[in-house]
Amino acid sequence: MSTPVPYAGVAAPAVEVCAVVLAAGEGTRLRPLTERVPKALCPVGNVPLLDRALARLAGLGLTGPRRVAVNACYLGDQVIARVGGRAHLSVEPGAPLGTAGGVGRLRDWIDGRGVLVGNADAYLADPQAPPGEDIAALLDGWDGHGVRLLGRPAGDPDAPGTFGGHDFVGFSLLPWRLVRDLPATFGDLVRAVWRPAEAAGELTVVPYRGTFYDTGTPADYLAANLHAAGPDGLVDPTATVTGRVTGSVVGAGAVVHGDVDRSVVWPGARVAAGERLREVIRAGDDLTVPAAR
């Protein structure tokens, strides 16, 4: 059975495909924000990153716990509650298993299918295509044998970590033959799958034409939010704003009495009268994380 593709111009893959969203990581570079919320649930444009990933998969016709899995570990109770019944859950005990171990732990669920693996912290946006359609080229006519990575041209094509002169941008497509032997122990897909496939001439990079941020640092997280908000910014209709907000993202139930410029105010957070925030992330009443590059 092939994956349904709900729009014209893309050939369905020759094998059935499921999807895994990796959401178990600790997000250490985003601390102290991720001491409160797992990175996968950090909001970008007032939408949790995990919800953005699931919406992108839905745009490919991949929905529900038979077709989509999410792994969880760090602050896993929050991820579990957010996913609900939308996907199969793989809860990793102890420390996160990494990208390869997370997929390996799902081998019985994957069960012979190809698997589209996405990082929950990947922010992608293509003005020419809606979520799902923007990465559909990864699946286009796939024969189920080789590895495909979504990429964009690297600033330095010869830099370590690039693939065919491209940087990886959050999604890969893996054949069952390379997944079935992955152990449910700590490991990463780069060394376990991608580099061996590249050495064997079985890795293809599919270019992504849109904008990408991995949101792993405060600067990139802010940049993704500002991109999602657009030049006019984004203020949730349930926020209370008596101060001045310019080019910023203000979440649901937030209260802003001060001045906020090119910043992110999380849902429920407060900015007191007399405060002036610029290029920061505000969480709660007391946490301000600088995010300027």
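Structural remarks
- Among the residues listed as Asp285, Asp214, Asp188, Asp236, the single one being without any contact (Cβ under 8 Å) to a residue 60 or more places away in the chain and of a type in the set (D, E, K, R): Asp285
- Within the range 140-168, the set of residues being farther than 22 Å from Asn119 by Cα and in contact (Cβ under 8 Å) with a residue 60 or more places away in the chain comprises Gly141, Asp143.
- Whichever residue in the range 33-77 is within 18 Å of Asp220 (Cβ to Cβ) and among the basic types (Lys, Arg) and, among such residues, is surrounded by the most Cβ atoms within 10 Å (Cβ to Cβ): Lys39
- Annotation for the range 111-126: at least one member residue is more than 23 Å from Tyr221 (Cα to Cα), touching a residue at least 24 places away in the same chain (Cβ under 8 Å) and surrounded by fewer than 18 Cβ atoms within 10 Å (Cβ to Cβ).
- Look at the range 11-30: where a residue is on the phi > 0 side of the Ramachandran plot and a partner is of a type in the set (Asp, Glu), sitting 6+ places away or on another chain with Cβ atoms under 8 Å, you get Gly27/Asp121.
- Qualifying residue in the range 192-205 (condition: in contact with a Gly (Cβ under 7 Å, 6 or more places away or on another chain) and either in contact (Cβ under 8 Å) with a residue 60 or more places away in the chain or on the phi > 0 side of the Ramachandran plot (or both)): no
- Taking the range 269-292 as the range and being open to solvent by 20 Å² or more (accessible area, probe 1.4 Å), assigned to a loop (DSSP other than H, G, I, E, B) and not acidic (Asp, Glu) as the test, the residues that pass are Ala272, Ala273, Gly274, Gly284, Ala292.
- Test: residue in the range 177-188 that is more than 22 Å from Val103 (Cα to Cα) and of a type in the set (A, V, I, L, M): no
- Screening Val115 against (1) in contact with a Pro (Cβ under 9 Å, 6 or more places away or on another chain); (2) more than 27 Å from Glu26 (Cα to Cα) leaves a single unmet condition, (2).
The values are calculated or read from the model by the stated rules, or taken from the named source; none is laboratory data. Keep in mind the model is a prediction, meaning the values are calculated, not measured. Every residue, glycine as well, gets a Cβ built from its backbone with ideal geometry; the counts of neighbours run over all protein chains shown. Each accessible area value is taken on the protein alone, full model and side chains, heavy atoms only, with ligands, DNA and RNA left out. Shrake-Rupley method; radii C 1.70, N 1.55, O 1.52, S 1.80 Å.
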